[in-house]
Amino acid sequence: RLHLIDRPGAPQSLLLAGRLLPATGSADETAIEAAVNVLGGMFSSRLNMNLREDKHWSYGAYAFASNALGPRPLMLYAQVETPRSGDSLVEMQRELAQIIGERPPTEEELSKIVANEVRGLPGSFETAGSVSGVLQGMLRYDRPLDWVATTTQRLEALTLNEVSAAARSYMQPDDFIWLVVGDRSQIESQLRELGWGEVVVLDEEGRPVAH
């Protein structure tokens, strides 16, 4: 499940990987969000530290989980130097393999995430618009009335085992669909050399292109 959309002359490649998560409000929602943050939710998260700070192949590599009433997407993304497209995919997949295996989330990472989330709470209510957005989200996802008041409690009660379990459940590398948008003439051979299976070339509407 490796797809390629051709953008002739593109100076960089856009790398995307996605899979579905349970709906917003699932029992393990807080643990899922923490696991996503360990992988790529902050500047200091693993994907960005690897592809940007260590390899210098990208200006930024992140992960995020969108909210939805039904199944919701978990997305990984990075914009990388065209010659490093294949290498960057390997590194992204390696980060997925490590977070569920030899390098699970650590207490230091979890503590940093909890502190960042708690300290950022006041900023979520600085304007009438932001307050309205929080209230709309509570209604849309059927949150209890004390959802905001208990946020710190939920975060601080989160255990490392719960975060690791969420990573193992939802970050299996083989569960992701991969998409690369870039200059086909420069990157197609890189993708085929990965040995990940068939590379499906798509047009900009997502329709397969005949070879």
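The values are calculated or read from the model by the stated rules, or taken from the named source; none is laboratory data. Bear in mind the structure is a predicted one, so any value in this text is a computation, not a measurement. Reconstructed Cβ throughout: ideal geometry from the backbone, glycine too, with neighbour counts over all protein chains shown. Accessible surface is based on the protein model in full, side chains and every heavy atom, while ligands, DNA and RNA are left aside. Shrake-Rupley method; radii C 1.70, N 1.55, O 1.52, S 1.80 Å.
In table form, for the structure just shown:
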quantity: Count - residues of the stretch 153-204 that are touching a residue at least 24 places away in the same chain (Cβ under 8 Å), within 18 Å of residue 104 (Cβ to Cβ) and not basic (Lys, Arg); calculated: 14
quantity: Those residues of the stretch 69-94 which are outside any helix (DSSP H, G or I) and either surrounded by 16 or more Cβ atoms within 10 Å (Cβ to Cβ) or among the hydroxyl-bearing types (Ser, Thr, Tyr) (or both), in sequence order; calculated: 72, 74, 75, 76, 77, 78, 79, 80, 81
quantity: Residue that is farthest from residue 196 (Cα to Cα), among those in the stretch 1-29 that are in contact with a helix residue (DSSP H, G or I) (Cβ under 8 Å, 6 or more places away or on another chain) and polar (S, T, N, Q); calculated: 26
quantity: Residue in the stretch 38-50 that is among the β-branched types (Val, Ile, Thr) and under 28 Å from residue 208 (Cβ atoms) present; calculated: no
quantity: Selection from the stretch 96-142 of residues that are in contact with a helix residue (DSSP H, G or I) (Cβ under 9 Å, 6 or more places away or on another chain), among the charged types (D, E, K, R) and farther than 26 Å from residue 18 by Cα; calculated: 107
quantity: Of all residues making up the stretch 95-119, the number that are in contact with a strand residue (DSSP E or B) (Cβ under 9 Å, 6 or more places away or on another chain) and open to solvent by 80 Å² or more (accessible area, probe 1.4 Å); calculated: 0
quantity: Residue within the stretch 45-63 that is modelled with pLDDT under 95 and either surrounded by 22 or more Cβ atoms within 10 Å (Cβ to Cβ) or out of contact with any Asp or Glu (no Cβ under 7 Å at 6 or more places or on another chain) (or both) present; calculated: yes
quantity: Within the stretch 113-129, tally of residues that are more than 23 Å from the chain's Cα centre (by Cα) and among the basic types (Lys, Arg); calculated: 0
